[in-house]
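See below for the structure under consideration.
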Amino acid sequence: MRAWRAGRGDSLRTRLTLVNVLLLALGITIATGVSLFGLRHYLLGSIDAELTGSREGFQRTGITVKQMESLSALAAVRDILAPGASGASTLPKPDTVFVAVDGSGRVMSLIGIPPSERQRALAAAVEDPVAAARHSAARDVDVDGEPYRMTAAQLRDGSVVLLAKSTKTVHKSLQRALKLDLASGTLLLVLLAMITLMGASRTLRPLEDMVETASAIAEGDLTRRIPGRHDSVAETEQLRLALNSMLQQVESAHMTRERSAAQLRRFVADASHELRTPLAAIRGYLQLYDRGMLRGAAERERAMARMNAEADRMGRLVDELLTLARLDQRPELRLRPVDLSRLVRDAADDLRAQQPDRTVEVAADGTMLVQGDESGLRQVIGNLLTNVRVHTPVAAPVAVELTRSEGGEVRLRIADRGPGMEGADADRIFDRFFRVTGGSGTGGNGAGAGGTGGRGAGAGTVGTGGSGLGMSIVQAVVASHGGEVAVETAPGAGLAVTVTLPLPLPLPLPRSSP
């Protein structure tokens, strides 16, 4: 994976490096141009100031060519400014050229010294000396292929003095500065490229971790997470935390889906098994009847009674499955004020009528209004008390308590003093088709729908015909009302089921007809 990323030319680190190098190169180019322009302006300004000073000196004194020849200082001027001796061609080329021309542009000799080739070249480079003398600013001229800055001053007798200074040193200085800037700029670009590559590799390392983690998850390892780094920037750290949170949700969703799929497979298998048992019994009795093996009227009546019982059992199982299916679809409940105390007292009276010898204590006096579906709440209370009736001895008392908390929640607590359940069994009490395999189940998940008959394991009565759907229905109905169900049990300590319903919401007032 790293080799594949390193081999790509359009990687993010390469783009960052190229952008930084291009920006620095542009900055160096602009800085070099500005510095060279400023240096050229400074050096040429110095030459122009020197030439302008000489020109103003000639114009201020008002000197003529004849006066210049008569001055004793002309020799010094000649040695310094006008090397016009016959052997001048063998001497180094001077930096400054001084030449006098008449009004027609003809080169004039000073104190009998003929003008040199460079002086003649300067005079030839200026087409109109008189016009040049009218302008005070120096300008560029080309003398024998070399660059010069030239100015002119007109003397009192009408002649013109041409003054020029070579700018060759200026161009050499600019070339040396340009070479130095190019060398230093290239070095800076190389250093910046290396630093950017190393910095980008370090900064983008969390992204590589994210790619590796994503690849591992794609290969099936859903437990992988993006590791943290102490040197990561704030943005990548926020992205890492967000991705890890998302991966946690993905793993949880996957586990939930797998668990739901497993439960669905187990549910289908259990439902098939539960339906197969009454069908097998009915088929067996029909075969006995078809073969004439039921000879007496008593046997035929018993067989019909058994087939009717198995058909009723299968019908109740189908009804419970339909109830759970409707609850899974989250139907819209018909909510209205319901007196839960009345439902509790009615269910307790039904239990006393079925088991007169059982002690039933009810603490549900007065009126306890909740907002809910009355048939569903009756089914919840009936299933819980049917569980107690079927799966606990008659000698085990049961206590039903209905209270309201300070926050307005309604709590229904049904506790028996039966054998109780193991912790592992209590954790699965709300699973569909779950039955306690041992003999200590107090409230196995098998109460009959609507309190019509308990079916499930418990108290050593495995295989009593229970479907294992009663507690599942209780949980589903309570959840549809926005409540919760909790179980407290231990072997030998009985079973206590607490149903908590939320604070009832006010119902909308009926709209008056116009």
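For this structure, a couple of remarks:
- Order of 285, 148, 42 - criterion: other Cβ atoms within 10 Å of each residue's Cβ, fewest first: 42, 285, 148
- Extension gain from residue 52 to residue 171, taking 0.36 nm per residue of separation minus the Cα-Cα distance: 40.8 nm
- Candidate cross-link partners of residue 172 among the aspartates and glutamates, defined by an alpha-carbon separation under 20 Å and a same-chain spacing of 8 or more, comprise 48, 50, 95, 140, 142, 144, 146, 181.
- Sum of side-chain charges, residue 364 neighbourhood, beta-carbon under 9 Å (Lys, Arg +1; Asp, Glu -1): 0
- If R0 is taken as 25 Å, the Cβ-Cβ distance between residue 156 and residue 108 corresponds to a FRET efficiency of 0.95.
- In terms of its C-alpha gyration tensor, region 170-293 comes out prolate, because a/c is 1.5 or above and the ratio a/b outweighs b/c.
- Whether region 234-324 is rounded, prolate or oblate, judged on the alpha carbon gyration tensor where a/c under 1.5 counts as rounded: prolate
- The charge dipole of region 234-324, taken about its Cα centre with unit charges on the Cβ atoms of Lys, Arg (+1), Asp and Glu (-1) only, comes to about 580 debye.
- For the pair residue 302 and residue 117, the difference between a 0.36 nm per residue extended length and the Cα-Cα distance amounts to 51.7 nm.
- Net charge in the neighbourhood of residue 175 (other residues with Cβ under 14 Å of its Cβ; Lys, Arg +1, Asp, Glu -1) is +4.
- Mean-position separation - Cα centroids, region 199-241 and region 295-309, in angstrom: 73 Å
- The length gained on full extension between residue 59 and residue 401, counted as 0.36 nm times the residue separation minus their Cα-Cα distance, comes to 110.6 nm.
- Residue 336 sits among other residues whose Cβ lies under 9 Å from its own Cβ, and their net charge, with Lys and Arg +1 and Asp and Glu -1, is -1.
Where a number appears in this text, it was derived from the coordinates with a stated rule and is not lab data. Given the structure is predicted, the values throughout are model-derived calculations rather than measurements. Cβ coordinates were reconstructed from backbone atoms using ideal geometry, including for glycine residues, and neighbour counts include every protein chain displayed.
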